[in-house]
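Visitor: Below is the structure I would like to discuss, written out as C-alpha cells.
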Ligand code: 9Z3
C-alpha cells in the first residue's frame with residue numbers, strides 16, 4: 001500500500017506552529033456537522049473571516065495583526081445560509097459575526113427600556129432597533145436547524161491548524177464542500193523556537209525583527225486535504241494596477257476554482273471574481289446602496305452558481 005504523502009507544509013506546521021489543544025475535538029465536530037448536512041442533501045461552506053494575529057513574544061504583550069473587520073465573512077455567511085448552505089464560520093475572536101454584525105454600533109442599554117415605567121419589565125426599544133424582529137427570526141431559524149457552526153481563532157498558528165482540520169473534516173463530502181477563504185492571513189511569522197519568552201525590553205534598544213514566510217497553505221489544501229472541493233480564495237491589494245495579475249497568478253499556481261480580487265479602499269463596492277475561464281466584475285450601484293443591497297449577496301450568488309456547475313462536472317467525470 002502506498003504511504004500517505006506528507007507535504008513539507010505538514011512538517012512546517014508541526015514544527016513552527018503550536019496546535020490548539022482542542023484541535024481533534026473541533027475536527028470531529030466539523031466532520032460530524034459536514035456529514036450530517038451532506039446526508040440531508042445540503043452543501044457545506046467553510047468561511048474564514050477576520051485577521052490573524054502573529055505574536056512577537058511567547059507570553060504575548062505585542063503582536064502584528066492583519067486588517068479585517070470580518071464584515072465580508074459575516075455577511076457572506078448570511079447569504080450562503082439563505083442559499084441553502086450549512087456554514088462553518090472559522091473567524092477571529094470578536095470580529096463581526098452573522099446577524100449580530102448589524103447591531104455592533106448600538107449600545108445595548110440604549111436599545112432597552114422599561115415597559116410602562118415598571119423596573120421589572122424590560123423590553124426592546126423598536127426605534128433603536130427597527131429591524132430586530134426580522135433578524136431575530138432568521139437567526140433563530142438558523143440556530144434551530146443547527147445550520148451554523150462557529151469556530152474561533154486568534155493567532156496565525158490556530159488559524160492554520162484549524163483550516164487544515166476543517167479541510168480534512170470536509171474531504172468526506174467531496175464536491176459538496178466549498179471553501180471561501182476571506183480571512184486576512186499574515187504572510188510573515190516568527191517560529192516558536194525563535195520567539196523570546198518574555199516581553200521584549202525597550203532598554204535593549206530599537207527593535208529589529210526578522211520574520212519567516214508563512215507556508216502557502218492553499219497548496220496542500222487544494223492538492224491533498226480537500227482535492228474534490230470547490231475552493232475560492234481572496235486576493236487583497238492596495239495597488240489596483242497589480243490586482244488582476246496577482247489573482248490570475250494565484251489561480252495558475254494553486255489550480256483552484258476562483259479568486260475574489262479586491263482593493264482595500266473599494267472592497268465594499270467593487271470586486272472581480274476570477275476563474276480559469278472567466279472574469280466577472282461585480283459593482284454596487286448607487287441604487288443598490290440606497291436599497292441596502294450588499295456586494296456579498298452578488299459574490300455569493302456568483303459563486304453558488306459556479307459551485308453548481310462544478311458539482312455537475314465532477315459527477316459527470318466520475319461516471
Ligand atoms: C479579503 O480580501 C477580504 O475581502 C477583506 C474583507 C479582508 C478585504 P473586511 O473583513 O475585509 O470586510 O473588513 N481577504 C483576503 C485577504 C488576504 O490575506 N489574502 C491573501 C493575499 O491577498 C491571500 S490568502 O495575498
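Visitor: Suppose each label sits 7 Å from its Cα in the direction of the beta carbon; what would the residue 312-residue 253 distance come out to in nanometres?
Guide: The modelled label-to-label distance comes out at 3.3 nm.
Visitor: Which FRET efficiency value, to the nearest 0.05, is calculated for residue 110 and residue 223 with the Förster distance at 51 angstrom and r the Cβ-Cβ distance? Can you show the working numbers first?
Guide: Details: r = 51 Å, r/R0 = 1.00.
E between residue 110 and residue 223, to the nearest 0.05, is 0.50.
Visitor: Here is a further query. Residue 238 label point, 7 Å along Cα→Cβ, cut-off 12 Å on backbone N: hits in the stretch 252-289?
Guide: It comes to 264-265, nothing else.
Visitor: Could you tell me which of rounded, prolate or oblate describes the stretch 64-109, using a ≥ b ≥ c as the square roots of the eigenvalues of the alpha-carbon gyration tensor, with rounded for a/c under 1.5 and, failing that, prolate when a/b is larger than b/c and oblate otherwise? Please report the intermediate quantities before stating the final value.
Guide: Details: a/c = 2.48, a/b = 1.23, b/c = 2.02.
Taking the square roots of the gyration eigenvalues as a ≥ b ≥ c, the stretch 64-109 is oblate.
Visitor: Suppose the chain between residue 21 and residue 194 were pulled fully straight at 0.36 nm per residue; how much longer would it get relative to their current alpha carbon spacing? Show your work: numbers first, answer last.
Guide: Values: separation 173, 0.36 × 173 = 62.28 nm, distance 2.11 nm.
Length difference between fully extended and current span is 60.2 nm.
Visitor: For residue 121 and residue 14 in one chain, what is 0.36 nm times their gap in residues minus the Cα-Cα distance, to one decimal in nm?
Guide: Working: separation 107, 0.36 × 107 = 38.52 nm, distance 5.41 nm.
Full-extension gain reported as 33.1 nm.
Visitor: Next question, about the same structure. Between residue 134 and residue 280, what's the calculated FRET efficiency when r is the beta-carbon distance and R0 is 45 Å? Round to 0.05.
Guide: On the way: r = 30 Å, r/R0 = 0.67.
So, using R0 = 45 Å, E works out to roughly 0.90.
Visitor: Rounded to the nearest 0.05, what FRET efficiency do residue 63 and residue 291 give with R0 = 45 Å and r taken as the Cβ-Cβ distance? Could you check?
Guide: Details: r = 40 Å, r/R0 = 0.88.
Here the calculated transfer efficiency is 0.70.
Visitor: On to the next question. Using a 10 Å cut-off on Cβ atoms, rank the peptides 144-154, 20-30, 220-230 from the highest mean neighbour count down. Working shown, then result.
Guide: On the way: 144-154: 16.6, 20-30: 14.7, 220-230: 20.8.
Those peptides, ordered most packed to least, come out 220-230, 144-154, 20-30.
Visitor: Can you compute the modelled spin-label distance between residue 210 and residue 29, with each label point 7 Å from Cα toward Cβ, in nm?
Guide: 4.0
Visitor: Could you work out [θ]222 nm for the chain from helices alone, using -39500 (n - 2.57) per DSSP H run of at least four and dividing by all its residues? Round to the nearest 500 deg cm²/dmol.
Guide: On the way: 8 runs with 107 residues, N = 319.
Here the helix-only value at 222 nm equals -10500 deg cm²/dmol.
Since every read-out is calculated from the coordinates, none of them should be taken as a lab result. Given the structure is predicted, the values throughout are model-derived calculations rather than measurements. Cβ coordinates were reconstructed from backbone atoms using ideal geometry, including for glycine residues, and neighbour counts include every protein chain displayed.
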